[in-house]
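Written below as structure tokens is the structure these notes are about.
Only the coordinates and a few stated rules stand behind these numbers; no lab work does. None of these values were measured; they are calculated from a predicted model. Glycine gets a Cβ as well: all are built from the backbone with ideal geometry, and neighbour counts include every protein chain shown.
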Amino acid sequence: MVVLPLAAVVVKASGAGVSDALRSVSGPIALSALGLSFGGALLTAAVNTVMGTIVAWALVRYEFPGKSLMNALVDLPFALPTAVAGITLSELLSPRGWVGAVHPALAASFSPAGVLVAMTFVSMPFVVRAVQPVLQQLEPEVEEAAALLGARPRQVFGHVILPSLRAAMLTGFALSFARSVGEFGSVVIISGNIPLSTLTAPVLIFQRLEEYDTVGATVIATVMLAASILTLAAIGLLQRERGQHG
């Protein structure tokens with residue numbers, strides 16, 4: 001059920017010929033879409049790794065009013081249909097939305113910034129849920145012992161906490177990247193799908209299929225598939241390392 005459809009995509013793309021394949025992925029629209037998808041996913045994953053670790057830290061180490069609600073809201077992007085997320089974000093970030101109306105700079109609908117917001121929204125939980133269990137297993141006594149020995153907070157984090165979190169943070173980064181680079185439902189609504197500006201690779205594949213350009217769609221899909229396989233391989237290596245150190 002998984003291998004055969006993926007193999008069919010690769011076979012279809014390989015039948016296009018080298019010149020047609022290069023033409024499908026080297027055009028300005030395709031390069032712009034791939035650049036926005038991969039570049040945006042990398043930036044989103046980096047932001048999510050930092051912010052998701054902070055959220056996980058707050059959920060594990062602190063008690064505050066509304067903690068249970070916040071913990072539940074982390075999983076909201078998992079349950080929320082991506083189309084609903086796209087509509088909600090586009091309304092909030094439109095020039096007349098609650099956020100966009102505050103200042104023109106916050107009106108991110110139909111802009112690359114809106115694409116990044118959508119990617120961040122749908123992929124943030126992966127980092128939080130990857131880091132949270134590791135934080136729960138860390139013994140606060142180890143940090144207290146380091147502090148008693150004269151280590152400053154920055155040294156405690158860099159030499160005691162970060163080494164234990166590194167594999168989980170990298171796993172969250174990879175999962176966030178994989179989720180962001182293939183996002184379609186929310187991006188197709190908030191981006192406006194403007195060629196050379198806000199058009200992403202998954203949406204371009206859909207457009208090529210609507211234009212009956214099956215070869216162009218499968219070639220771009222093959223590029224995305226190769227990136228996904230590499231990401232899955234990286235996640236597997238990171239989880240193996242995490243298991244060896246866990």
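Could you size up the charge dipole of the chain around its Cα centre, putting +1 on the beta carbon of Lys and Arg and -1 on that of Asp and Glu, and report it in debye to the nearest 20?
For this selection, approximately 220 debye.
Computed FRET efficiency, Cβ-Cβ of V99 and H159, R0 35 Å: what is it to the nearest 0.05?
0.30
Which value in deg cm²/dmol, rounded to the nearest 500, describes the helix-derived mean residue ellipticity at 222 nm for the chain, given -39,500 (n - 2.57) per DSSP H run of n ≥ 4 and division by the residue count?
One gets -24000 deg cm²/dmol as the mean residue ellipticity at 222 nm.
Name the residues whose placed amide hydrogens come within less than 5 Å of the amide hydrogen of D213, ignoring near sequence neighbours (fewer than 5 apart) on the same chain.
It is none; the list stays empty.
Please check the chain for the longest run free of GluC sites (Glu not before Pro) that are loop-located per DSSP (anything but H, G, I, E, B) and have at most 11 other Cβ atoms within 10 Å.
64-210
With unit charges on the beta carbons (Lys and Arg positive, Asp and Glu negative) and the dipole taken about the Cα centre of segment 93-242, which residue among G185, T218, L138 sits farthest to the positive side?
L138
Provide the FRET efficiency to the nearest 0.05 for the L149-F64 pair, computing r from the beta carbons and using R0 = 30 Å.
Efficiency computed from Cβ-Cβ geometry: 0.50.
Evaluate the distance, in nm, between pseudo-label points positioned 7 Å from the Cα of V142 and of S26 along their respective Cα→Cβ axes.
For the pair V142/S26, the computed spacing is 5.1 nm.
Rounded to two decimal places and with Rh computed the Kirkwood way over Cα pairs, what is Rg over Rh for the chain?
With Rh from the inverse mean 1/r over Cα pairs, Rg/Rh is 1.04.
In nm, what is the difference between 0.36 nm times the number of residues separating A79 and L106 and their Cα-Cα distance?
7.1 nm
Would you work out the charge dipole size for segment 147-213 about its Cα centre, treating the Cβ of every Lys and Arg as +1 and the Cβ of every Asp and Glu as -1, and quote it to the nearest 20 debye?
660 debye
Run the simple label-point estimate for I229 and F206 please: 7 Å along Cα→C-beta, distance reported in nm.
Calculated label separation equals 2.6 nm.
Show me the ranking of peptides 65-73, 114-122 by mean Cβ neighbours inside 10 Å, starting with the highest.
Top to bottom by mean Cβ count within 10 Å: 114-122, 65-73.
Picking from V74, Q155, L42, whose Cα lies most toward the positive end of the charge dipole for the chain (charges on Cβ: Lys, Arg +1; Asp, Glu -1)?
Q155
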